[in-house]
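All of the numbers you see were taken from the coordinates with simple rules; none came from a lab. Worth saying up front: this structure is predicted, and the values here are computed from it rather than measured. Cβ sites come from the backbone with ideal geometry, for glycine too, and all protein chains shown count toward neighbours.
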Protein chains: 2
Amino acid sequence: MTGPAGYDPHAFPPFAVTVDLAVLTLREGRLHVLLVRRGEAPYQGDWALPGGFVRPDESAGAAARRELAEETGLSEATAAGLHLEQLATYSDPGRDPRMRVVSVAYTALGPGLPEPRGGGDAAHAQWLPYGTQGPLAFDHDAILTDARQRVGAKLEYTCLATAFCPPLFTLGELRGVYEAVWGVELDRPNFRRKVLSTPGFVQAVDGPPRLTGGRGKPAALYRAGGATALHPPLLRP
Amino acid sequence: MTGPAGYDPHAFPPFAVTVDLAVLTLREGRLHVLLVRRGEAPYQGDWALPGGFVRPDESAGAAARRELAEETGLSEATAAGLHLEQLATYSDPGRDPRMRVVSVAYTALGPGLPEPRGGGDAAHAQWLPYGTQGPLAFDHDAILTDARQRVGAKLEYTCLATAFCPPLFTLGELRGVYEAVWGVELDRPNFRRKVLSTPGFVQAVDGPPRLTGGRGKPAALYRAGGATALHPPLLRP
DNA sequence: ACAAAAGTGTTGTTGCTACACCCATGC
DNA sequence: GCATGGGTGTAGCAACAACACTTTTGT
């Protein structure tokens, strides 16, 4: 690892390091993204992913967690409950016209989340159904596309779907996650058998509690199991 | 995206951005890693992943490609043929004791590669069988572990295995990739059927050419097909 | 002749798909 | 009653694991 001039901090052009967040959730059965409206140039007035600068004393993961609370207008408890995962790093020179910015993108997943209320910087944060957003600022369209693709793929071979569900959920809600992200309909009986036959995917809540999703027979409740991988995977049709 | 002081380049502590490379190959049926011996403090004399600084005018991917040629001691043609893929970004404060360094890690895969010859900085680059390397400098052990895990997982549901093979290869060589990375033995007949029944995974070379891997019946040759995903996947036993 | 690796065949089991069908609830 | 969603059953098909067997080379 050879570096310029013995690491003199000011001897080479600085990089700014930021995090960008692709916050995804399900609202009324549809996949939604959390976007903020930019208040300054460039891309003033455009939608963008929430994000911000990594501070000198924190990791990118810590910065993502912090921005999740500060920038999204979600309550601290809500933000803390989200599933956070590194996506990729975007580093094209010129992706920000002002200076050299390298951005570490994260995906954050959560259950049906409330409308954000302007706590911090971004009182203009808002849920938009995925696909209805116009072109985003910077390279955020590419980031968002990558996030959706990655999440879709991970649904196949991990238990990630439970990250979209509240602590207690029905199998119908879990199936709704797959259907919303993949954009297909799944056979209910087969989905049920598949999930229940995978050890550690979900865990039945023994209590008599049940619940309704409108009308129809009340459904049994489950919580996420300990497993993280799905063997064998649940393949897209 | 709120930033410090209107982007004055020197108003905030600078981050250095580097790339680190986990270069993997197969030599004599075993997975090997390319490591360089550090000539300077810290970790002087220890093994480390090759890598280097991202320049002001290039993307991290371009820097990875460049360092692959400069730092590994592999010929330009060899380095250019490697399959390069972003792995993850490592950003813990303190991962480099000298200053704040954020590193974008890449995996590079290639067919049985020659011993590196000191072209550039690192005349001390060398192949080591995976697992025999001592503790590496910085957080490179974690990077290397992540790389192996990611590659192992991608073998299941992508055509990545062909990246470890030369342009023309036998099904035995392809099976060797899976066995080396996964550390298991696969049933030869079943592996063959599985690969041939996946459209676009491999493509038979019609010519009469055949080849031997020591002794035994000569094997037919294949080249990588156009497909990138494996449906259905080839699951680990 | 023997060992080693390629290639083909076969068989039993598993897993999945596509349904049909009953149950419990709201209107 | 009817519509809606939860839950069970089942028959047919496709995929896979395990293993036996033949072929073609080097020694």
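Tabulated data
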read-out	value
Theoretical ellipticity at 222 nm over chain B - DSSP helices of four or more residues, -39500 (n - 2.57) apiece, nearest 500	-7500 deg cm²/dmol
Label-reachable residues, the range B:151-189, where backbone N falls under 11 Å from a point 7 Å from B:ALA220's Cα toward its Cβ	B:171
Global form of the range A:74-230, assessed from the alpha-carbon gyration tensor, a/c cut-off 1.5	prolate
Inter-chain shielding of B:154-166 (mean C-beta neighbours from other protein chains, 10 Å cut-off)	1
Cross-link reach list, aspartates and glutamates versus A:LYS194, counting only Cα pairs under 19 Å and skipping chain neighbours closer than eight places	A:GLU156, A:GLU173, A:GLU179, A:GLU185
Label point distance in nm, A:ARG98-B:HIS124, each placed 7 Å from Cα along Cα→Cβ	4.2 nm
Percent RCO, i.e. relative contact order, over chain B, from Cα pairs under 8 Å lying at least 6 residues apart	20 percent
A:ALA153-B:ARG66 FRET efficiency (beta carbon distance; Förster radius 22 Å; 0.05 resolution)	0.15
The range B:158-224 - Rg over Rh from alpha carbon coordinates, Kirkwood radius	0.93
Label 7 Å beyond Cα on the Cβ vector: A:PRO114 copy-to-copy distances, nm	6.6
At R0 = 22 Å, FRET efficiency that the Cβ-Cβ distance of B:GLN203 and B:GLU179 yields, to 0.05	0.50
Cα→Cβ-extended label distance, 7 Å offset, between B:ARG236 and B:GLU115, nm	3.3 nm
Directionally averaged shadow of the protein assembly as shown, computed from the convex hull of its alpha-carbon atoms, nm²	25.3 nm²
Gap separating the Cα centres of the range B:78-156 and the range B:189-237, nearest whole Å	28 Å
Note, ³J(HN,Hα) from phi for the range B:41-55, Karplus 6.51, -1.76, 1.60, rounded to Hz, x at Gly and Pro	6, x, 6, 4, x, 7, 7, 8, 6, x, x, x, 7, 7, 7
Shielding score for B:53-61, defined as the mean number of other chain Cβ atoms within 10 Å	5
Exam field: A:ARG55 pseudo-label spacings to other copies (7 Å along Cα-Cβ), nanometres	3.6
Cα-based helix-to-principal-axis angle, B:171-182 vs chain B, degrees rounded to 10	40 degrees
Estimated distance in nm for a label pair at B:ARG188 and B:ALA142, the labels positioned 7 Å out from Cα along Cα-to-Cβ	4.3 nm
Nearest-first distances (nm) between copies at A:THR212, label 7 Å from Cα via Cβ	7.8
Largest-first principal axis extents of the Cα set of the range B:9-155 (Å)	52, 32, 30
Within 10 Å of each Cβ in A:81-91, the average number of Cβ atoms from other chains	4
